[in-house]
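Below is one structure; the comments refer to it alone.
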Amino acid sequence: MTSSISKTLNLQTYSSIFSSANRIPKLTPLFSTSNRVLSTLAESPIESSFQPQERKSWSRYLLFLPGAITFGLGTWQIFRRQDKVEMLDYRRNRLGLDPVVWNNISSSSSGDSGSLEFRRVMCEGIFDESKSIYVGPRSRSISGVTENGYYVITPLVPNSSDPKSVQSSVLVNRGWAPRSWREKHQKDSQNVEPVSNIKIVDDGETEGSSRWKFWSKKPIAKTVEDPVISSTPSVKVIGVIRGSEKPSIFVPANDPSSGQWFYVDVPAIARAAGLPEDTLYLEDINDNVDHGNPYPLPKDVNTLIRSSTMPQDHLNYTLTWYSLSAAVTFMAVKRLKPKKIRR
(Lines give C-alpha, C1' and ligand atoms only; values in the text may rest on other atoms or scores of the structure.)
Protein backbone atom coordinates (compact mmCIF):
# COMPACT_ATOMS: atom_id res chain seq x y z
CA MET A 1 0.00 0.00 0.00
CA THR A 2 2.75 2.35 1.02
CA SER A 3 4.81 1.63 -2.11
CA SER A 4 1.87 2.25 -4.37
CA ILE A 5 1.27 5.62 -2.75
CA SER A 6 4.94 6.62 -3.19
CA LYS A 7 4.89 5.65 -6.86
CA THR A 8 1.78 7.73 -7.35
CA LEU A 9 3.46 10.77 -5.74
CA ASN A 10 6.58 10.33 -7.88
CA LEU A 11 4.48 10.20 -11.04
CA GLN A 12 2.65 13.40 -10.04
CA THR A 13 5.96 15.12 -9.26
CA TYR A 14 7.46 14.20 -12.64
CA SER A 15 4.33 15.21 -14.49
CA SER A 16 4.33 18.66 -12.76
CA ILE A 17 7.98 19.13 -13.64
CA PHE A 18 7.39 18.29 -17.32
CA SER A 19 4.31 20.47 -17.46
CA SER A 20 6.24 23.45 -16.03
CA ALA A 21 9.02 22.78 -18.50
CA ASN A 22 6.53 22.94 -21.31
CA ARG A 23 5.37 26.38 -20.09
CA ILE A 24 8.98 27.86 -20.49
CA PRO A 25 9.29 29.79 -23.84
CA LYS A 26 11.58 28.42 -26.46
CA LEU A 27 14.89 30.33 -26.70
CA THR A 28 16.13 28.89 -29.98
CA PRO A 29 14.55 31.53 -32.29
CA LEU A 30 15.84 34.32 -30.01
CA PHE A 31 19.36 33.04 -30.16
CA SER A 32 19.19 32.63 -33.94
CA THR A 33 17.92 36.22 -34.43
CA SER A 34 20.68 37.57 -32.20
CA ASN A 35 23.24 35.69 -34.21
CA ARG A 36 21.97 37.20 -37.44
CA VAL A 37 22.02 40.75 -36.01
CA LEU A 38 25.51 40.29 -34.66
CA SER A 39 26.73 38.92 -37.96
CA THR A 40 25.16 41.87 -39.83
CA LEU A 41 26.71 44.40 -37.47
CA ALA A 42 30.02 42.65 -37.71
CA GLU A 43 29.98 42.55 -41.52
CA SER A 44 28.48 45.96 -42.39
CA PRO A 45 31.30 48.18 -41.02
CA ILE A 46 33.82 46.17 -42.92
CA GLU A 47 31.92 46.46 -46.20
CA SER A 48 30.96 50.16 -45.86
CA SER A 49 34.35 51.29 -44.59
CA PHE A 50 35.88 51.03 -48.07
CA GLN A 51 33.67 53.68 -49.71
CA PRO A 52 34.36 56.54 -47.22
CA GLN A 53 38.04 55.76 -47.39
CA GLU A 54 37.99 55.99 -51.17
CA ARG A 55 36.05 59.25 -51.04
CA LYS A 56 38.39 60.78 -48.50
CA SER A 57 41.39 59.88 -50.64
CA TRP A 58 40.35 62.29 -53.44
CA SER A 59 37.83 64.65 -51.81
CA ARG A 60 40.47 66.00 -49.44
CA TYR A 61 42.28 67.54 -52.38
CA LEU A 62 39.23 69.67 -53.17
CA LEU A 63 40.11 71.76 -50.13
CA PHE A 64 43.18 73.00 -52.01
CA LEU A 65 41.18 74.08 -55.08
CA PRO A 66 40.37 77.63 -53.81
CA GLY A 67 44.03 78.17 -53.03
CA ALA A 68 45.05 77.08 -56.53
CA ILE A 69 42.47 79.35 -58.17
CA THR A 70 43.46 82.44 -56.17
CA PHE A 71 47.13 81.72 -56.85
CA GLY A 72 46.40 81.61 -60.58
CA LEU A 73 44.55 84.93 -60.40
CA GLY A 74 47.51 86.51 -58.65
CA THR A 75 49.87 85.25 -61.35
CA TRP A 76 47.51 86.57 -64.04
CA GLN A 77 47.68 90.04 -62.48
CA ILE A 78 51.49 89.95 -62.80
CA PHE A 79 51.20 89.44 -66.56
CA ARG A 80 48.56 92.15 -66.82
CA ARG A 81 50.80 94.55 -64.94
CA GLN A 82 53.66 93.89 -67.35
CA ASP A 83 51.40 94.49 -70.35
CA LYS A 84 50.15 97.75 -68.82
CA VAL A 85 53.71 98.96 -68.18
CA GLU A 86 54.67 98.28 -71.81
CA MET A 87 51.54 100.02 -73.10
CA LEU A 88 52.12 103.17 -71.05
CA ASP A 89 55.80 103.26 -72.02
CA TYR A 90 54.79 103.02 -75.68
CA ARG A 91 52.40 105.94 -75.32
CA ARG A 92 54.94 108.01 -73.41
CA ASN A 93 57.60 107.48 -76.06
CA ARG A 94 55.21 108.34 -78.90
CA LEU A 95 54.02 111.51 -77.20
CA GLY A 96 57.61 112.56 -76.56
CA LEU A 97 58.35 112.79 -80.29
CA ASP A 98 58.23 116.16 -82.04
CA PRO A 99 54.93 117.06 -83.71
CA VAL A 100 54.72 116.50 -87.44
CA VAL A 101 52.68 118.37 -90.04
CA TRP A 102 49.80 116.25 -91.19
CA ASN A 103 50.04 117.41 -94.79
CA ASN A 104 53.57 116.03 -94.96
CA ILE A 105 52.57 112.50 -93.94
CA SER A 106 48.93 112.28 -95.08
CA SER A 107 49.82 111.05 -98.56
CA SER A 108 52.18 108.33 -97.36
CA SER A 109 50.05 107.16 -94.43
CA SER A 110 46.66 107.38 -96.08
CA GLY A 111 44.37 104.68 -94.69
CA ASP A 112 46.98 103.68 -92.10
CA SER A 113 46.33 106.16 -89.30
CA GLY A 114 46.32 103.31 -86.79
CA SER A 115 50.10 103.02 -87.08
CA LEU A 116 50.35 106.71 -86.13
CA GLU A 117 48.20 106.48 -83.02
CA PHE A 118 49.47 108.58 -80.10
CA ARG A 119 51.66 110.58 -82.46
CA ARG A 120 51.38 114.38 -82.16
CA VAL A 121 50.50 116.19 -85.39
CA MET A 122 49.84 119.81 -86.42
CA CYS A 123 46.89 120.84 -88.58
CA GLU A 124 45.49 124.15 -89.75
CA GLY A 125 42.04 124.86 -91.10
CA ILE A 126 38.60 126.17 -90.25
CA PHE A 127 36.21 124.59 -87.76
CA ASP A 128 32.82 123.78 -89.26
CA GLU A 129 30.75 124.57 -86.17
CA SER A 130 27.51 123.55 -87.87
CA LYS A 131 28.62 119.91 -87.89
CA SER A 132 29.82 119.69 -84.30
CA ILE A 133 28.94 116.46 -82.51
CA TYR A 134 28.61 116.17 -78.75
CA VAL A 135 29.65 112.89 -77.12
CA GLY A 136 28.49 112.32 -73.59
CA PRO A 137 27.53 112.96 -70.95
CA ARG A 138 31.05 113.02 -69.52
CA SER A 139 31.64 114.21 -65.98
CA ARG A 140 34.52 116.45 -64.97
CA SER A 141 35.62 117.65 -61.54
CA ILE A 142 36.25 121.40 -61.38
CA SER A 143 37.42 122.84 -58.04
CA GLY A 144 36.04 119.79 -56.26
CA VAL A 145 32.62 120.10 -57.96
CA THR A 146 31.58 117.43 -60.45
CA GLU A 147 29.75 118.74 -63.51
CA ASN A 148 28.35 116.89 -66.49
CA GLY A 149 29.33 117.92 -69.97
CA TYR A 150 30.26 116.67 -73.42
CA TYR A 151 33.21 116.15 -75.70
CA VAL A 152 32.94 118.49 -78.67
CA ILE A 153 34.02 116.90 -81.98
CA THR A 154 34.15 119.33 -84.91
CA PRO A 155 35.39 118.83 -88.50
CA LEU A 156 38.45 120.90 -89.38
CA VAL A 157 37.95 121.78 -93.05
CA PRO A 158 40.50 123.21 -95.52
CA ASN A 159 40.96 126.95 -95.93
CA SER A 160 41.60 127.98 -99.52
CA SER A 161 43.37 131.18 -98.49
CA ASP A 162 45.93 129.38 -96.37
CA PRO A 163 48.55 127.24 -98.17
CA LYS A 164 49.35 125.50 -94.87
CA SER A 165 45.76 124.38 -94.46
CA VAL A 166 44.87 120.70 -94.44
CA GLN A 167 44.11 119.17 -97.81
CA SER A 168 41.24 117.06 -96.51
CA SER A 169 38.91 117.44 -93.54
CA VAL A 170 39.94 116.16 -90.13
CA LEU A 171 37.79 115.32 -87.10
CA VAL A 172 39.04 117.11 -83.99
CA ASN A 173 37.99 116.38 -80.43
CA ARG A 174 38.31 119.93 -79.16
CA GLY A 175 37.82 118.93 -75.52
CA TRP A 176 35.20 119.08 -72.79
CA ALA A 177 32.43 121.62 -72.44
CA PRO A 178 29.65 121.88 -69.83
CA ARG A 179 26.02 121.30 -70.66
CA SER A 180 25.16 125.01 -70.37
CA TRP A 181 27.85 125.90 -72.92
CA ARG A 182 26.48 123.33 -75.35
CA GLU A 183 22.95 124.73 -75.18
CA LYS A 184 24.16 128.30 -75.71
CA HIS A 185 26.55 127.30 -78.49
CA GLN A 186 23.86 125.38 -80.36
CA LYS A 187 21.61 128.44 -80.34
CA ASP A 188 24.41 130.68 -81.60
CA SER A 189 25.45 128.25 -84.35
CA GLN A 190 21.95 128.27 -85.82
CA ASN A 191 22.41 131.92 -86.81
CA VAL A 192 25.73 131.28 -88.55
CA GLU A 193 26.02 130.33 -92.22
CA PRO A 194 27.36 126.76 -92.23
CA VAL A 195 30.76 126.19 -93.77
CA SER A 196 29.29 123.14 -95.48
CA ASN A 197 27.91 125.48 -98.15
CA ILE A 198 31.49 125.96 -99.30
CA LYS A 199 32.29 123.54 -102.10
CA ILE A 200 35.48 122.60 -103.90
CA VAL A 201 35.63 123.29 -107.61
CA ASP A 202 38.36 121.69 -109.69
CA ASP A 203 40.19 124.28 -111.80
CA GLY A 204 41.71 121.56 -113.99
CA GLU A 205 45.28 122.86 -113.73
CA THR A 206 46.79 119.93 -111.83
CA GLU A 207 45.36 116.81 -110.33
CA GLY A 208 44.12 117.45 -106.83
CA SER A 209 44.34 121.26 -107.11
CA SER A 210 41.17 123.13 -106.12
CA ARG A 211 39.82 126.49 -105.09
CA TRP A 212 36.81 127.43 -102.97
CA LYS A 213 33.51 128.75 -104.21
CA PHE A 214 30.78 130.11 -102.00
CA TRP A 215 27.37 129.14 -103.32
CA SER A 216 24.90 131.91 -102.62
CA LYS A 217 21.44 132.61 -103.99
CA LYS A 218 22.83 134.94 -106.65
CA PRO A 219 25.10 133.35 -109.28
CA ILE A 220 28.72 134.52 -109.19
CA ALA A 221 31.67 133.86 -111.39
CA LYS A 222 33.91 130.87 -110.70
CA THR A 223 36.98 133.06 -110.61
CA VAL A 224 35.61 135.20 -107.76
CA GLU A 225 36.73 133.99 -104.38
CA ASP A 226 34.37 134.50 -101.46
CA PRO A 227 35.68 137.34 -99.30
CA VAL A 228 34.38 135.73 -96.09
CA ILE A 229 36.49 132.68 -96.63
CA SER A 230 39.58 134.64 -97.61
CA SER A 231 39.33 136.78 -94.48
CA THR A 232 38.70 133.84 -92.13
CA PRO A 233 41.89 132.99 -90.25
CA SER A 234 42.93 129.39 -89.93
CA VAL A 235 42.96 127.64 -86.59
CA LYS A 236 46.12 125.80 -85.59
CA VAL A 237 45.50 122.49 -83.88
CA ILE A 238 48.10 120.34 -82.12
CA GLY A 239 46.53 116.99 -81.44
CA VAL A 240 47.16 113.32 -80.93
CA ILE A 241 45.96 110.72 -83.40
CA ARG A 242 43.44 108.43 -81.76
CA GLY A 243 40.98 105.73 -82.70
CA SER A 244 37.46 104.76 -81.74
CA GLU A 245 36.58 104.06 -78.13
CA LYS A 246 35.68 100.57 -76.93
CA PRO A 247 32.51 100.97 -74.88
CA SER A 248 31.62 98.68 -72.01
CA ILE A 249 28.45 96.61 -71.95
CA PHE A 250 26.79 99.26 -69.77
CA VAL A 251 27.19 102.07 -72.34
CA PRO A 252 24.12 102.55 -74.57
CA ALA A 253 24.43 102.34 -78.34
CA ASN A 254 24.85 105.53 -80.34
CA ASP A 255 21.79 106.93 -82.09
CA PRO A 256 23.00 109.15 -84.94
CA SER A 257 19.45 109.86 -86.14
CA SER A 258 18.60 111.65 -82.88
CA GLY A 259 22.09 113.09 -82.37
CA GLN A 260 22.83 111.04 -79.25
CA TRP A 261 26.44 109.93 -79.03
CA PHE A 262 27.57 108.06 -75.93
CA TYR A 263 31.04 107.02 -77.11
CA VAL A 264 33.46 107.91 -79.89
CA ASP A 265 32.86 105.86 -83.03
CA VAL A 266 35.06 107.52 -85.66
CA PRO A 267 33.53 105.95 -88.82
CA ALA A 268 29.97 106.67 -87.65
CA ILE A 269 30.79 110.25 -86.64
CA ALA A 270 32.51 110.81 -89.97
CA ARG A 271 29.43 109.58 -91.82
CA ALA A 272 27.21 111.87 -89.74
CA ALA A 273 29.43 114.83 -90.67
CA GLY A 274 29.37 113.91 -94.35
CA LEU A 275 33.01 112.80 -94.41
CA PRO A 276 34.70 109.54 -95.46
CA GLU A 277 34.81 106.79 -92.85
CA ASP A 278 38.63 106.77 -92.85
CA THR A 279 38.79 110.44 -91.81
CA LEU A 280 41.60 111.24 -89.40
CA TYR A 281 40.55 111.71 -85.78
CA LEU A 282 42.58 113.92 -83.41
CA GLU A 283 42.32 114.83 -79.75
CA ASP A 284 43.33 118.43 -79.16
CA ILE A 285 46.05 118.77 -76.48
CA ASN A 286 46.94 122.40 -77.10
CA ASP A 287 47.56 124.03 -73.72
CA ASN A 288 47.19 127.58 -75.05
CA VAL A 289 43.72 128.12 -73.60
CA ASP A 290 41.90 131.42 -73.85
CA HIS A 291 40.84 132.07 -70.27
CA GLY A 292 38.15 134.44 -71.48
CA ASN A 293 36.56 131.62 -73.50
CA PRO A 294 38.04 128.39 -72.17
CA TYR A 295 35.51 125.99 -73.62
CA PRO A 296 35.88 123.51 -75.12
CA LEU A 297 38.70 122.69 -72.71
CA PRO A 298 41.40 120.57 -74.43
CA LYS A 299 42.58 117.36 -72.91
CA ASP A 300 45.60 117.24 -70.65
CA VAL A 301 48.32 115.23 -72.38
CA ASN A 302 49.05 113.46 -69.09
CA THR A 303 45.63 111.81 -69.22
CA LEU A 304 46.80 109.91 -72.29
CA ILE A 305 49.48 108.11 -70.29
CA ARG A 306 47.09 107.15 -67.52
CA SER A 307 44.72 104.23 -67.35
CA SER A 308 41.74 103.32 -65.22
CA THR A 309 43.89 100.51 -63.81
CA MET A 310 47.50 101.51 -63.32
CA PRO A 311 50.43 99.08 -62.80
CA GLN A 312 50.39 99.78 -59.06
CA ASP A 313 46.77 98.66 -58.93
CA HIS A 314 47.69 95.36 -60.60
CA LEU A 315 50.45 94.90 -58.01
CA ASN A 316 47.94 95.46 -55.20
CA TYR A 317 45.61 92.91 -56.76
CA THR A 318 48.50 90.44 -56.99
CA LEU A 319 49.30 90.77 -53.29
CA THR A 320 45.63 90.41 -52.41
CA TRP A 321 45.16 87.21 -54.41
CA TYR A 322 48.40 85.67 -53.13
CA SER A 323 47.48 86.48 -49.53
CA LEU A 324 44.07 84.91 -49.99
CA SER A 325 45.68 81.84 -51.58
CA ALA A 326 48.04 81.43 -48.64
CA ALA A 327 45.18 81.80 -46.14
CA VAL A 328 42.86 79.21 -47.69
CA THR A 329 45.74 76.78 -48.24
CA PHE A 330 46.73 77.07 -44.59
CA MET A 331 43.16 76.35 -43.52
CA ALA A 332 43.05 73.29 -45.79
CA VAL A 333 46.26 71.90 -44.30
CA LYS A 334 44.98 72.62 -40.81
CA ARG A 335 41.76 70.78 -41.57
CA LEU A 336 43.51 67.66 -42.89
CA LYS A 337 46.15 67.50 -40.19
CA PRO A 338 45.30 64.67 -37.70
CA LYS A 339 44.33 65.92 -34.27
CA LYS A 340 46.26 64.73 -31.22
CA ILE A 341 44.11 62.92 -28.65
CA ARG A 342 44.78 64.11 -25.12
CA ARG A 343 44.68 61.42 -22.44
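Using the Karplus curve 6.51 cos²θ - 1.76 cosθ + 1.60 with θ = phi - 60°, work out ³J(HN,Hα) for each residue of the range 247-263 in order, rounded to whole Hz, and write x for Gly and Pro.
x, 7, 5, 8, 8, x, 6, 5, 10, x, 5, 9, x, 9, 10, 9, 8
Quick one: how many Å² of THR329 are accessible to a 1.4 Å probe, rounded to 10?
50 Å²
Amide H to amide H under 5 Å from ILE126: which residues, 5+ apart in sequence or cross-chain, H placed 1.01 Å off N in plane?
VAL157, ASN159, VAL235
Show the residues, 5+ positions off or on another chain, whose built amide H is closer than 5 Å to the amide H of ARG119.
Distant-sequence amide H within range of ARG119: ILE241.
Once the Cα gyration tensor of the range 256-322 is found, what semi-axes does its equivalent ellipsoid get, as square roots of 5 times the eigenvalues, in whole Å, sorted largest first?
On the way: eigenvalues 218, 90, 27 Å².
Working from the Cα gyration tensor, I get semi-axes of 33, 21, 12 Å.
What is the gain in length, in nm to one decimal, between PHE330 and ASP300 on full extension, counting 0.36 nm per residue of separation less the C-alpha to C-alpha distance?
Values: separation 30, 0.36 × 30 = 10.80 nm, distance 4.79 nm.
Length difference between fully extended and current span is 6.0 nm.
Which ³J(HN,Hα) values in Hz, rounded to whole numbers, follow from the phi angles of the range 302-311 under the Karplus curve 6.51 cos²θ - 1.76 cosθ + 1.60, where θ = phi - 60° and Gly and Pro get x?
Rounded to whole hertz, the list is 5, 5, 6, 10, 10, 9, 4, 10, 7, x.
Under the Karplus relation 6.51 cos²θ - 1.76 cosθ + 1.60, θ = phi - 60°, what is the ordered set of whole-Hz ³J(HN,Hα) values for the range 322-335, x standing for Gly and Pro?
Whole-Hz 3J(HN,Hα) from phi for the range 322-335: 5, 5, 5, 5, 5, 5, 6, 5, 4, 5, 5, 5, 4, 6.
Between LEU297 and residues 5 or more places away or on another chain, which pairs have amide H atoms under 5 Å apart, with H built 1.01 Å from N, and which residues are they?
TRP176, ALA177
The values are calculated or read from the model by the stated rules, or taken from the named source; none is laboratory data. Please read these numbers as outputs of a predicted model, since none were measured by experiment. Just the protein is used for accessible areas: all its heavy atoms, side chains included, with ligands, DNA and RNA removed. Shrake-Rupley method; radii C 1.70, N 1.55, O 1.52, S 1.80 Å.
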